[in-house]
Every structure is written in C-alpha cells, then in structure tokens.
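A.B. asks: Please read through the structure below; I'll follow up with questions.
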Amino acid sequence: MSVNAPVVEAVTAPPESDETPFAPIEIDYEQFITEDDAPVDNLFSEREQRLLAESLYASWPGPGEGRPFLAMTNVGLFFALTEPPYVPDALVSLDVRPPDNPFPKKNRSYFVWEYRKPPEIVVEIVSNRKGGELSDKVTSYARIGIPFYIVHDPEHLLSDRTLYVFERRGLDYTEIPPENLPGIGLGVTLWDGEYEDMQGTWLRWIDAQGNLLLTGKERAEQERRRADALAARLRQLGVDPESEF
C-alpha cells in the first residue's frame, strides 16, 4: 500500500490580528490511498485476523466501565502526512469509537491525528521473510508510539520461536511475557483448535484472569452445554426440564 503526499494548506493571520498566527491545517483526504485491492497474504492470516477481532467484540467488555475500544484488521495506520502507512494485521485502540459514517475518506483508515492517539496494540502475523516484523517494524512502531507490539510467526519463518510480545519503554521495545499487557486487561496465548473449519495453532486473546476470549459461536456452544447439563441434572431429580412450572 502506498500513499501520495496530501495537500496541506496553512493560512497566516493578518499582522494586525491578535489571534493565533496559524489556522488549523486543512487536509485533502482524497489524496490518500486507503484501499489498493491487494489480497491478504494467505488463508490462515485472513482467518486469524478475523478471529482476533471477533473474539474481542464477542467477549471483551473493554478496558473498563464505560470505556469503548476499536479493533481493526488489515487497515491502513497513517501516522504522518508525508509517509506511507503501515497496514498491521490487527490493531486495538482504547477509548475511541468507530465513526458513525465509515465511508468518507478520512474515516476509512486509522489516521492517528483524527483519533488523536496511536492504537495501544498492533499485531503482525508473519507470512514471509520480507515484512521486517522483527527488524524495521520494531523500530517504526516504537517511533510511532505503539505501547504493545505482538508478532505471531506460525511457520517459524523468522526464527524458531512462534510468539513475541513487546512493550514500549522509552523509545524502545522490551520483550514481556504474553499473558499480560500491563494496564490493558488483555493478554495473548497460543491455542490449538479449530476455527471456521480450519485446524491450527491460533493467536488468541485472554482476559486479565487468563480466560480465553470466546467467539460468538464458542459462547453459544458454551451456553448449550450448560443448558444440557442443567437439563440432565433436573432429570436426575425427577423433574422434566420441558414441563411448565
């Protein structure tokens, strides 16, 4: 994905004015390339991206009472007017909401200056050896100010390890245990199982107590098992669970 330099207009105030000498910058968002029709890297990455977003919206109440969050996958992260964006496989930003109308150009991607903050978490899923996930992007995401950076390397393309979790301290990243992202209320783990008819080892979110954040389908299945267990217990007590009380 690439981006053309936008038109930026700064208007100076008249010399005799007592007001601020510069008006707000006007940005021509039509000059940004927010979609390029490029496919995602592979089927596994596409599914894992969806799993990461879906489980958050299905099972995570957010970072605190009344605090919203926004999860995006494969969307441009624009951090400067004259530099091309990054396109992380997933990002999570706290205390922000999605725009009411997602179609205007300035609402199609994550523009840091529109949300007035960088996202708290960026996730990259390694699918080749050209992405710089453990080199260039480590430096760049730290420079942008991303507090937590997660790298999942399911095919061991970059090393013999599968998972890296970094926390930004100062201007650099320090590797931390994956079970807890301090101050967020989330962690990550590797989970062996089936998602959307595909078996694999998936990157999954866990809550502050270490519980897996379930997808909507998993939550429904969990409730079904609870209902079946309750019905079986009632039958043991001689109560027909289908009868009206």
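The values are calculated or read from the model by the stated rules, or taken from the named source; none is laboratory data. Every value quoted in this text rests on a predicted model; they were computed, and no experiment measured them. Note: ideal-geometry Cβ built from the backbone for every residue, glycine included; neighbour counts use all protein chains shown.
Residues checked against (1) in contact with a Ser or Thr (Cβ under 6 Å, 6 or more places away or on another chain); (2) part of a strand (DSSP E or B); (3) of a type in the set (S, T, N, Q):
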{"site": "ALA53", "(1), (2), (3)": "yes, no, no"}
{"site": "LEU56", "(1), (2), (3)": "no, no, no"}
{"site": "PRO61", "(1), (2), (3)": "no, no, no"}
{"site": "ASN74", "(1), (2), (3)": "no, no, yes"}
{"site": "THR82", "(1), (2), (3)": "no, no, yes"}
{"site": "ARG97", "(1), (2), (3)": "no, no, no"}
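A.B. asks: On the given criteria, is THR139 hydroxyl-bearing (Ser, Thr, Tyr) and either on the phi > 0 side of the Ramachandran plot or in contact with a Pro (Cβ under 7 Å, 6 or more places away or on another chain) (or both)?
C.D. replies: So THR139 does not fit the description; no.
A.B. asks: Could you tell me how many of the residues in the stretch 191-207 are farther than 13 Å from LEU56 by Cβ and either among the basic types (Lys, Arg) or part of a strand (DSSP E or B) (or both)?
C.D. replies: 10
A.B. asks: Kindly list the number of the only condition in (1) assigned to a strand (DSSP E or B); (2) of a type in the set (Asp, Glu); (3) farther than 21 Å from LEU51 by Cα that fails for GLU124.
C.D. replies: The one condition GLU124 does not meet is (3).
A.B. asks: Is it the case that some residue within the stretch 94-117 is within 30 Å of ASP160 (Cα to Cα) and either surrounded by 15 or more Cβ atoms within 10 Å (Cβ to Cβ) or among the acidic types (Asp, Glu) (or both)?
C.D. replies: No, because not a single residue in the stretch 94-117 is within 30 Å of ASP160 (Cα to Cα) and either surrounded by 15 or more Cβ atoms within 10 Å (Cβ to Cβ) or among the acidic types (Asp, Glu) (or both).
A.B. asks: Next question, about the same structure. Applying the selection to the stretch 63-72, what residues are part of a strand (DSSP E or B) and surrounded by fewer than 12 Cβ atoms within 10 Å (Cβ to Cβ)?
C.D. replies: Hit for the stretch 63-72 is GLY64, nothing else.
A.B. asks: Just checking, how many residues over the stretch 212-242 are of a type in the set (Asp, Glu) and either part of a helix (DSSP H, G or I) or under 27 Å from the mean Cα position of the chain (by Cα) (or both)?
C.D. replies: Number satisfying all stated conditions: 4.
A.B. asks: Any idea which of (1) out of contact with any helix residue (DSSP H, G or I) (no Cβ under 9 Å at 6 or more places or on another chain); (2) within 20 Å of VAL87 (Cβ to Cβ) is the one GLN199 doesn't satisfy?
C.D. replies: Of the numbered conditions (1) out of contact with any helix residue (DSSP H, G or I) (no Cβ under 9 Å at 6 or more places or on another chain); (2) within 20 Å of VAL87 (Cβ to Cβ), the odd one out for GLN199 is (2).
A.B. asks: Identify, please: which residue in the stretch 75-93 is small (Gly, Ala, Ser) and buried (at least 17 other Cβ atoms within 10 Å of the Cβ) and is, among those, modelled with the lowest pLDDT? Walk me through how you get there before you give the answer.
C.D. replies: As a first pass, look at the stretch 75-93 and keep what is small (Gly, Ala, Ser): 76, 80, 90, 93.
Add one more test, that the residue is buried (at least 17 other Cβ atoms within 10 Å of the Cβ), and what stays is 76, 90, 93.
Numbers: GLY76: 94, ALA90: 98, SER93: 98.
Restricting to residues being small (Gly, Ala, Ser) and buried (at least 17 other Cβ atoms within 10 Å of the Cβ), the top hit is GLY76.
A.B. asks: With VAL188, VAL138 as the choices, which residue is modelled with pLDDT of 95 or more, assigned to a helix (DSSP H, G or I) and closer than 22 Å to SER93 by Cβ?
C.D. replies: Sole residue among the options that is modelled with pLDDT of 95 or more, assigned to a helix (DSSP H, G or I) and closer than 22 Å to SER93 by Cβ: VAL138.
A.B. asks: How about the stretch 81-106: which of its residues are touching an Asp or Glu at 6+ places or on another chain (Cβ under 8 Å) and closer than 28 Å to TRP205 by Cβ?
C.D. replies: Hits for the stretch 81-106 are PRO88, ASP89, VAL92, SER93, LEU94.
A.B. asks: Tell me, please, whether a residue that is polar (S, T, N, Q) and free of Cβ contacts under 8 Å to residues at least 40 places away in the same chain can be found in the stretch 219-234.
C.D. replies: Looking through the stretch 219-234, at least one residue is polar (S, T, N, Q) and free of Cβ contacts under 8 Å to residues at least 40 places away in the same chain.
A.B. asks: Conditions: (1) over 26 Å from GLY170 (Cβ atoms); (2) in contact with a helix residue (DSSP H, G or I) (Cβ under 8 Å, 6 or more places away or on another chain); (3) among the polar types (S, T, N, Q); (4) outside any loop (DSSP other than H, G, I, E, B). SER93 meets all but one. Number of the miss?
C.D. replies: For SER93, the failing item is (1).
A.B. asks: Now a separate question. Considering every residue within the stretch 149-156, establish whether at least one is surrounded by 17 or more Cβ atoms within 10 Å (Cβ to Cβ) and in contact (Cβ under 8 Å) with a residue 60 or more places away in the chain.
C.D. replies: yes
A.B. asks: Pairs please, first residue from the stretch 91-113 and under 20 Å from GLN49 (Cα atoms), second anywhere and among the polar types (S, T, N, Q), Cβ atoms under 6 Å, 6+ apart in sequence or on different chains.
C.D. replies: The qualifying pairs are ARG108/THR34; SER109/THR34.
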